[in-house]
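The values are calculated or read from the model by the stated rules, or taken from the named source; none is laboratory data. Since the structure is predicted, the reported quantities are computational estimates derived from the model, not experimental observations. Here the Cβ positions follow ideal geometry from the backbone for every residue, glycine too, while neighbour counts run over all protein chains shown. The accessibility values were calculated without ligands, DNA or RNA, using every heavy atom of the protein model including side chains. Shrake-Rupley method; radii C 1.70, N 1.55, O 1.52, S 1.80 Å.
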Amino acid sequence: MNDSDYMALALELAKKGMGFVNPNPMVGAVIVKDGRVIGEGFHKKYGELHAERTAFASCAEDCSGACLYVTLEPCCHYGKTPPCTEAIIERGISRVVIGSSDPNPLVAGKGVRALRERGITVIEGVLKDKCDELNEIFMRYITTGLPFVTMKYAMTADGKIAAYTGKSKWITSEEARAHAQLDRLKHSAVMVGIGTVLTDDPSLTCRLENGRNPIRIICDSSLKTPPECNIVKTAGEVPTIIACCNYDARRAAELEGAGCKIIKTAPQDGRVDLRELMRILGEEKIDSILLEGGGELNWSALEGGIVSKVKAYIAPKIFGGSSAKTPVAGLGAASPDEAFMLGSPKISRVGDDILIESRVLNVYGNS
């Protein structure tokens, strides 16, 4: 096995922390000595040991002269845990292979420098693209303080998210719907508009075994969320935020009494100011949001520049209907030149459906 093979192993380990380490990054580590893996670990939960220290804890052998493979540059500062660079030096590691550089200003090259100053050989950028992609959420949040927003929707081959009657269950295959549950695990929160709540009465929970429910966020400008809806009825069990811009004290008190948290923003064209909302949520350590709203909210999110990524599940079926709803509504672009541009498309097959993932260019807050 070579450096890329061992880094690929570290990447698979890192993925095991998905959904439980936010707002920290997912990190995996592998210790190799004389061509043998003698220790491995990953960051399991926010506040617990980092991947490097977990790998050392799993190792029953002397690590002197061994090579450490780690998907992200080791930290060199005190946080909830001591610096990983100290553990690497103390264990006598002679070579460290790194996937991604850490953009955290507290690290950002300082971890590599600390190791090199102690005579440790450091190799950077092995499987860098894959390591960077794994932590795209962390990369945005740590550099901007703003959540990474993924717009996710399912549509037919002719671009419809429901039939002309409004019926939408189900557009995609069971495999695609199960795959989409991973996004609810990966993101800290899931957000919809009041229209989705009134029409579908969703629960917005993660249905994966041993999963973690995301924080639920409803964009509800005038606090029309019914106290008897599924989200409010379970607000005492799953953290729930309702964002508004027109505050009604009586309705707010009723929703807060059920366990919901109310966030008020300034109005933006009579609706919740999504940029202000992102700043508030970022301050509350919500690093990522899965947007599962309807066409109006999707348009507002794109127009507000808060969407970092689009995930479109496309089913091999056609609904037709001039009045059938599409994923993005609103006013729309006046000409092709004014379209929201997507880049770095990634295409995969999930069951009978096609998944297209693309990054949104020129996202608010990015340098």
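Applying the set (1) in a loop (DSSP other than H, G, I, E, B); (2) more than 20 Å from the chain's Cα centre (by Cα) to Ser4 leaves exactly one unmet item: (1). Among the residues of the range 314-332, not a single one is outside any loop (DSSP other than H, G, I, E, B) and surrounded by fewer than 19 Cβ atoms within 10 Å (Cβ to Cβ).
Of the residues making up the range 278-333, just one is at positive phi and basic (Lys, Arg), namely Lys285. Scanning the range 153-190 for residues that are in a helix (DSSP H, G or I), of a type outside the set (A, V, I, L, M, F, W, C) and in contact (Cβ under 8 Å) with a residue 60 or more places away in the chain yields Glu174, Glu175, His179, Asp183, Arg184, Lys186. Note on the range 120-140: residues that are touching a residue at least 24 places away in the same chain (Cβ under 8 Å) and either touching a helix residue (DSSP H, G or I) at 6+ places or on another chain (Cβ under 7 Å) or more than 27 Å from Glu276 (Cα to Cα) (or both) total 14. Only one entry in Ile98, Ile137, Ile88 is touching a strand residue (DSSP E or B) at 6+ places or on another chain (Cβ under 8 Å) and in a strand (DSSP E or B), namely Ile98. Please verify whether Ala10 is within 29 Å of Leu146 (Cβ to Cβ), touching a Leu at 6+ places or on another chain (Cβ under 8 Å), open to solvent by less than 20 Å² (accessible area, probe 1.4 Å) and at pLDDT 95 or above, treating the condition exactly as stated. Answer is no for this residue. If the Cβ limit is 9 Å and pairs must be 6+ apart or interchain, which residue in the range 60-85 that is within 18 Å of Pro105 (Cβ to Cβ) and assigned to a loop (DSSP other than H, G, I, E, B) pairs with which residue that is of a type in the set (Val, Ile, Thr) and modelled with pLDDT under 90? Listed pairs, sorted by first residue: Glu73/Val107; Pro74/Val107; Cys75/Thr81; Cys75/Val107; Cys76/Val107; His77/Val107. Residue pairs whose Cβ atoms lie under 9 Å apart, separated by 6 or more positions or on different chains, with the first residue in the range 215-243 and without any contact (Cβ under 8 Å) to a residue 24 or more places away in the chain and the second surrounded by 16 or more Cβ atoms within 10 Å (Cβ to Cβ) and not polar (S, T, N, Q), are Gly236/Ala258.
Residues in the range 142-159: is at least one surrounded by fewer than 17 Cβ atoms within 10 Å (Cβ to Cβ) and closer than 18 Å to Val307 by Cα? Yes, the conditions are met somewhere in the range 142-159.
Okay, residues lined up against (1) among the β-branched types (Val, Ile, Thr); (2) farther than 16 Å from Thr81 by Cα; (3) part of a helix (DSSP H, G or I):
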residue: Ala8; (1), (2), (3): no, yes, yes
residue: Glu12; (1), (2), (3): no, yes, yes
residue: Gly19; (1), (2), (3): no, yes, no
residue: Pro23; (1), (2), (3): no, no, no
residue: Ile31; (1), (2), (3): yes, yes, no
residue: Gly41; (1), (2), (3): no, no, no
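When the range 89-122 is filtered for residues that are at pLDDT below 90, aliphatic (A, V, I, L, M) and surrounded by fewer than 22 Cβ atoms within 10 Å (Cβ to Cβ), the ones remaining, listed by number, are Leu106, Ala108.
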